[in-house]
1. Can you tell which of Ile77, Ile103 is farther than 13 Å from Asp123 by Cβ and not acidic (Asp, Glu)?
2. If only one of Leu70, Leu65 is touching a helix residue (DSSP H, G or I) at 6+ places or on another chain (Cβ under 8 Å) and in contact (Cβ under 8 Å) with a residue 24 or more places away in the chain, which one is it?
3. Which numbered condition trips up Met26, out of (1) more than 20 Å from Gln114 (Cα to Cα); (2) assigned to a helix (DSSP H, G or I); (3) touching a residue at least 40 places away in the same chain (Cβ under 8 Å); (4) not basic (Lys, Arg)?
4. I'm checking my understanding of the structure. Among residues of region 34-65 that are of a type in the set (D, E, K, R) and assigned to a helix (DSSP H, G or I), which one is nearest to Val125 (Cα to Cα)?
5. Scan region 69-88 residue by residue and report those that are of a type outside the set (Val, Ile, Thr), assigned to a helix (DSSP H, G or I) and surrounded by fewer than 14 Cβ atoms within 10 Å (Cβ to Cβ).
6. Among the candidates Gly112, Gly99, Gly136, which residue alone is at pLDDT 85 or above, of a type in the set (Gly, Ala, Ser), touching a His at 6+ places or on another chain (Cβ under 9 Å) and assigned to a helix (DSSP H, G or I)?
7. Looking at this structure, is Val53 closer than 16 Å to Phe88 by Cβ and surrounded by fewer than 16 Cβ atoms within 10 Å (Cβ to Cβ)?
Amino acid sequence: MGILNGVEMTLSYILHSVFRLIQIIMALAVCGLYGVDLNKADKEHKYSDGKWVYAEVTASLSAFLALLYLIPFTSRIPFAWVCDTVLFILWIALFGLFGNMYIKTRAEGDAGIQRMKNAVWVDLVNALLWLISAVGMLLFWVRHRNNRSRWTGRAQV
């Protein structure tokens, strides 16, 4: 049973790492999609719109947290699922914000509009990834928490 448990833990860590790498890739894709407009505004010496800055901050925070979760045992921190839930909410807000602006807009050959329409769907995929992550981390925490008394550690609670 000991060897089987080790294989199970290794397989789950590999799947966890692959999932986090997908989250990093998707977050970096959003950084690129929205960064084009921020770079263009910077070159033209115009102000950076807060919506695009919000998108970059959300994507950067997501990439950083997913990278942090790749460090062994950081996903075992109690209540880590709360961070994932907050990021899910940030991504849903981002999807709603840009979805309201671009989903019904016709691109009609405008590459910038088409890029933003595509970015909206990447935002939704990111939101779903962080939802799956939050639920998975919550289930992991509930399943693996220590249910022993705090005084002696011997009694099952």
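1. Answer to the check: Ile77.
2. Details: Leu65 fails: in contact (Cβ under 8 Å) with a residue 24 or more places away in the chain.
From the options Leu70, Leu65, the qualifying one is Leu70.
3. Met26 satisfies all of (1) more than 20 Å from Gln114 (Cα to Cα); (2) assigned to a helix (DSSP H, G or I); (3) touching a residue at least 40 places away in the same chain (Cβ under 8 Å); (4) not basic (Lys, Arg) except (1).
4. Among them, the one singled out is Glu56.
5. Listed by number, the list holds a single entry, Arg76.
6. That would be Gly136, the only listed residue that is at pLDDT 85 or above, of a type in the set (Gly, Ala, Ser), touching a His at 6+ places or on another chain (Cβ under 9 Å) and assigned to a helix (DSSP H, G or I).
7. no
One line per residue, one yes/no per condition, for (1) more than 17 Å from the chain's Cα centre (by Cα); (2) without any contact (Cβ under 8 Å) to a residue 12 or more places away in the chain:
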site	(1), (2)
Asp84	no, no
Leu90	no, no
Leu94	no, no
Ile103	yes, no
Ile113	yes, yes
Asn126	no, no
Trp130	no, no
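The values are calculated or read from the model by the stated rules, or taken from the named source; none is laboratory data. Values in this document were obtained by computation on a predicted structure and should not be read as measured data. Positions of Cβ are generated from backbone atoms using ideal geometry, with glycine treated the same way; all protein chains shown enter the neighbour counts.
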